[in-house]
Each structure stands twice: as structure tokens, then as C-alpha cells.
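The structure appears below as C-alpha cells.
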Amino acid sequence: MLKFSDLALDPRVLQAVIDTGYETPTPIQEQAIPFALEGRDVLGIAQTGTGKTASFTLPMITRLGRGRARARMPRSLVLCPTRELAAQVAENFDTYAKHTKLTKALLIGGVSFGEQDKLIDRGVDVLIATPGRLLDHFERGKLLLTGVEIMVVDEADRMLDMGFIPDIERIFQLTPFSRQTLFFSATMAPEIERITNTFLTNPARVQVERQNSASTTIEQALIQFTPTRRDRSFTEKRAVLRSLIKGEGESCTNAIIFCNRKMDVDVVAKSLKAHGFNAAPIHGDLEQSQRMKTLDAFRDGSLHLLVASDVAARGLDIPAVSHVFNFDVPSHPEDYVHRIGRTGRAGRLGKAYTIAVPNDDKYLSAIESLLKQPIPRGVVPESALTGLDELSSDKPREARGEGRGKPRERDRNRKPKRDESAVPASMEPIAVPVAAVVEVVAEAPAPRREERRDDRRSERRDEAPREERRTERRDEVAPQRERRDDRREDRRDDRRDDRRDRREHAVVGMGDHVPDFILRSFKISAVTADDAEDEPATGTDG
């Protein structure tokens with residue numbers, strides 16, 4: 001059996017490997033390291049968890065042992081698709097290069113440019129970066145890539161699938177043509193392989209086991225169920241997830257739960273915490289400091305359940321993950337291999353559960369077609385959906401303020417519901433007893449006779465002068481009315497005369513409006529005397 005001591009590694013590197021407890025290389029390491037030490041381009045294809053990171057880290061440190069770094073000109077470059085994977089590669093480099101004087105710099109988002117600029121200015125042997133942050137430093141004039149001797153693209157298929165093709169092409173153009181290029185990935189589709197042929201020169205193809213296969217140390221199970229209602233699918237899936245975790249008992253030392261969407265990651269993590277589980281989310285929208293803090297807590301065992309999106313499915317090396325739960329069936333079949341590959345690493349046993357509903361049938365067919373074998377079916381736990389009332393949430397009754405204890409604050413402050421059939425207060429009739437009305441009328445005092453007589457006399461006195469004033473006004477107004485009538489009569493006569501004139505001068509068939517050219521007179525230039533006597537003049541001009 002081949003050992004690391006047989007691979008012609010630098011003695012300092014070999015000592016670091018022995019310190020970590022490894023003696024025998026994995027199949028991908030055994031085949032890729034010799035080609036990398038020779039300086040050849042390598043295309044490594046192996047399932048996740050087989051040690052691809054050490055396959056390029058160990059020969060890189062050995063080859064960089066001779067030489068010296070210059071300011072702003074790194075000697076090697078490692079590109080990673082995510083910040084977490086880049087940070088993990090940096091940790092591996094620190095582990096295997098601890099007996100050497102090689103330096104490194106990690107260029108990822110979420111960290112200030114100032115600290116990264118200081119490391120680059122001193123000169124680094126290994127530069128580990130994500131494509132976006134690397135190009136940011138280059139465009140700012142803080143970095144030169146003309147001194148790169150070894151270039152590594154880790155998780156190459158993921159880099160190309162995530163839309164990094166333009167950035168990768170530009171970075172390759174900035175590096176020397178004589179560089180050594182290493183591509184490592186778990187999957188390599190034909191179209192992706194065609195693109196890699198552009199970047200690699202006569203590569204040594206290293207493929208371990210069958211492409212896109214899952215590790216045999218992983219026990220898989222597919223949990224299929226039909227929700228009671230379509231709108232309750234998400235709630236009941238959470239109930240099934242909790243039952244599966246509880247059913248594993250103490251054997252589930254820690255687990256990664258994968259969701260397809262970032263917003264579902266937050267909801268599932270919050271639901272698990274509400275039910276007493278030690279869970280935390282991790283996805284691309286979180287701050288980098290929070291993501292690293294969560295990963296560190298999961299690694300050291302203080303965090304039990306890590307709810308993640310696919311950002312954590314690629315390349316994260318957490319050796320002791322006992323379980324993986326696919327809360328959602330991945331839409332890309334390759335992602336299924338990477339997700340379940342987080343468990344059962346380095347020869348350990350692991351379990352992977354996948355929860356599916358009828359809408360996931362097409363994704364399951366694609367996954368089984370990729371694996372070339374069906375996923376073993378599991379049984380939904382009997383206690384999964386019991387206790388979930390149709391109209392209630394999946395939270396515990398105590399968390400919702402039901403069952404025991406005092407009512408919730410919003411229930412105490414809630415106003416009583418108004419009766420829609422009740423008549424508004426402003427429209428309600430006022431009921432007054434008839435006897436009370438009679439009593440009020442009876443109690444009203446009647447006017448005396450003498451008072452009524454005095455009122456009539458005063459009215460008569462007031463009417464006499466009123467009549468006199470009316471007569472005087474009539475006498476004053478009469479002459480004015482006569483003058484007004486005369487004017488109206490004159491106007492009527494004028495209008496009659498005008499109408500009479502119009503009727504006399506009207507042209508038949510032309511309506512009220514006659515064009516001016518018809519009314520215009522014409523002068524007769526030459527007429528005989530007889531004609532002049534016989535015919536009357538047709539115009540007023542001659």
C-alpha cells in the first residue's frame with residue numbers, strides 16, 4: 001500500500017502530514033500528487049470528501065519551497081467559488097505549511113481592503129481568493145498576476161455554473177501562459193469539460209470511481225409524503241423534519257439541513273429554535289463575520305444543527321457530520337451529491353435523509369438518473385403529523401400562548417367584535433311614553449282672552465299705515481312702468497321691420513346665409529341699344 005512517504009514530498013510537508021495523523025493517501029491524492037509534482041496540468045474528478053484539497057495543497061507547498069515572493073506579485077493562485085471554501089483552503093495551507101516559511105493571503109469579501117493590501121504589499125507565496133475580490137484588487141492597481149507559477153481552480157464546475165466564466169477567462173489572460181493549471185471538481189459535465197480544454201494544456205486526467213456517484217459509506221433514505229393541504233406543505237415538512245431528528249436520538253451528534261432558498265433557511269432555523277433545537281442559519285445574505293462565527297460554532301460542537309443553503313454544500317470539510325437532511329429536493333441533481341457528501345467523510349459512516357412531496361418527482365427522477373440507481377425509500381414517522389391542528393401553527397401551544405398560562409397580550413387588548421346587524425346609536429328611535437306627552441301638553445298654560453284682544457288691535461294699527469305706504473309706492477312706480485312699456489313696444493316694432501326686410505331680400509334655396517360673391521353686381525361691358533332698352537339694368541354701377 002502506497003504511503004505519503006512514497007510520494008516525493010518535501011520532508012517538511014511530510015512531517016506536517018504525519019502530525020495531522022494521516023499516513024495513507026486517498027485514491028485522488030495518490031494519482032494526482034505525482035503529476036502535480038512533475039509540473040503537468042491536472043484535471044481531477046472525484047466525489048466530494050475524498051481529499052481533493054490536499055491533492056493540490058501538498059504538491060504546491062513542495063514546489064514553492066524553492067524561491068522567494070515579491071511585493072504585489074504572488075507566486076501561486078487558488079480560486080474558490082465561495083468565501084467559506086476559500087477560508088477552508090487557507091486553513092489547510094496553514095496546517096501543511098507550518099514547518100515552512102511560505103506566506104499566504106486570503107482575499108474574500110466581508111473583510112476590509114486595507115488589511116488585505118498590507119499582506120499583498122509584503123509579498124505572498126500563495127494567494128487564495130474568490131474571483132470578484134481578486135479582480136477588485138487588480139483594478140485598484142494593488143496586485144499583479146504576472147508572477148503566478150501555479151494556478152488552481154477548486155470546484156471548477158461550480159465556478160463555471162455560478163456565472164464566473166467571464167471572470168475566469170479574464171484572470172487566465174492576466175496570468176503567464178507558462179503557468180501550471182490544476183482543476184479539481186466533483187462533477188464535470190461535457191460542456192464544462194469543453195471549456196476546461198481551453199485553459200489546460202495536455203492535462204493528466206485523474207478520475208476516482210464513477211463520476212457523480214455518492215459515497216458507499218452514506219446511508220440514504222427518501223421520505224415521501226403527501227400534504228393534507230397544498231398550503232400546509234411547508235408546515236408539515238417542518239414537522240416531518242423534527243420527527244426525523246428526534247427519531248435519530250443520540251446518534252445524531254450534529255447535522256446539516258439544506259434548503260433551496262435563503263428565506264426558507266431563516267424560517268426553518270427559527271422554527272427549530274422555537275421547538276427547543278440548537279440550530280442556526282447560514283447563507284449568502286448574512287454578514288461574513290456572522291457566517292464564520294456560525295461555522296466555528298458548528299465545528300467546535302457548540303452548535304448542533306446548521307441550516308444552510310447550497311453555499312455550504314460545496315467543499316466544506318467538517319469531518320464529524322453525522323447526518324444530512326435535505327429539507328428541499330435540490331433542483332440540480334449534482335447538488336444532491338455534494339449535499340449528502342458533507343457526511344460519511346474520510347471513511348466514516350453517515351446518514352442522509354431527503355424529504356419530498358409530489359411536486360418534487362421530476363427532480364427525484366433526474367437525481368436517480370444521475371446516480372444510476374434509485375434512492376432507498378424510508379417511512380414517515382408516525383408521530384410526524386399528529387398534533388398538528390388544521391388551523392394552528394406548527395409551533396408548540398405554550399409558544400403560541402394557548403393551553404395553559406395567561407392569554408397573550410394582544411388578546412387582552414383586542415376590542416370586542418361589533419355586531420354588524422345592530423342599528424347605530426345615532427339611528428335608534430327614542431321611545432317616549434304617550435302619557436308623558438299628554439301631561440306636557442296639559443301642563444302648558446292657555447293664553448288669556450284679554451291678551452288675545454290686545455294683540456288683534458295692535459295688528460290692525462300696524463296694517464293701516466302699511467296700506468298707505470303701498471299706495472304711495474304704486475303712484476311712484478306707475479310712470480316708470482309706462483316708460484318701460486313704451487321702450488319694449490319700440491323694440492318690438494324694430495324687430496318686425498327687420499324680419500320683413502329679410503323676407504323681402506331673401507334668396508330662395510340659400511338659407512339665411514348668402515355668399516358675398518352672389519350679392520355682388522357686375523358691369524356690362526358691351527350691349528346694343530336695343531338690348532339696353534329692352535333689358536333693365538342688372539347693377540347699380542352702370
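The values are calculated or read from the model by the stated rules, or taken from the named source; none is laboratory data. Source: prediction; values computed, not measured. Quick reminder, even Gly has a Cβ in these numbers, built from the backbone with ideal geometry, and neighbours come from all protein chains shown.
Scanning segment 58-77 for residues that are out of contact with any Leu (no Cβ under 7 Å at 6 or more places or on another chain) and either buried (at least 24 other Cβ atoms within 10 Å of the Cβ) or of a type in the set (A, V, I, L, M, F, W, C) (or both) yields a count of 3. Would you confirm whether any residue within segment 336-356 is over 21 Å from Glu248 (Cβ atoms), of a type in the set (D, E, K, R), in a helix (DSSP H, G or I) and under 24 Å from the mean Cα position of the chain (by Cα)? Among the residues of segment 336-356, not one is over 21 Å from Glu248 (Cβ atoms), of a type in the set (D, E, K, R), in a helix (DSSP H, G or I) and under 24 Å from the mean Cα position of the chain (by Cα), which makes the answer no. Of the set (1) out of contact with any His (no Cβ under 8 Å at 6 or more places or on another chain); (2) within 23 Å of Asp360 (Cα to Cα), all apply to Glu287 but (2). When residues in segment 163-204 are screened for being touching a residue at least 60 places away in the same chain (Cβ under 8 Å), assigned to a loop (DSSP other than H, G, I, E, B) and not aliphatic (A, V, I, L, M), 6 of them pass. Where helices (runs of 4 or more DSSP H) fall entirely within segment 1-81, none has at least 1 residues that are in contact with a Cys (Cβ under 8 Å, 6 or more places away or on another chain) and assigned by TED's automatic domain parsing to the domain that holds Ile318. I'm trying to understand the selection: among the residues of segment 129-162, which are charged (D, E, K, R) and in a loop (DSSP other than H, G, I, E, B)? Hits for segment 129-162 are Arg140, Lys142, Glu149, Glu155.
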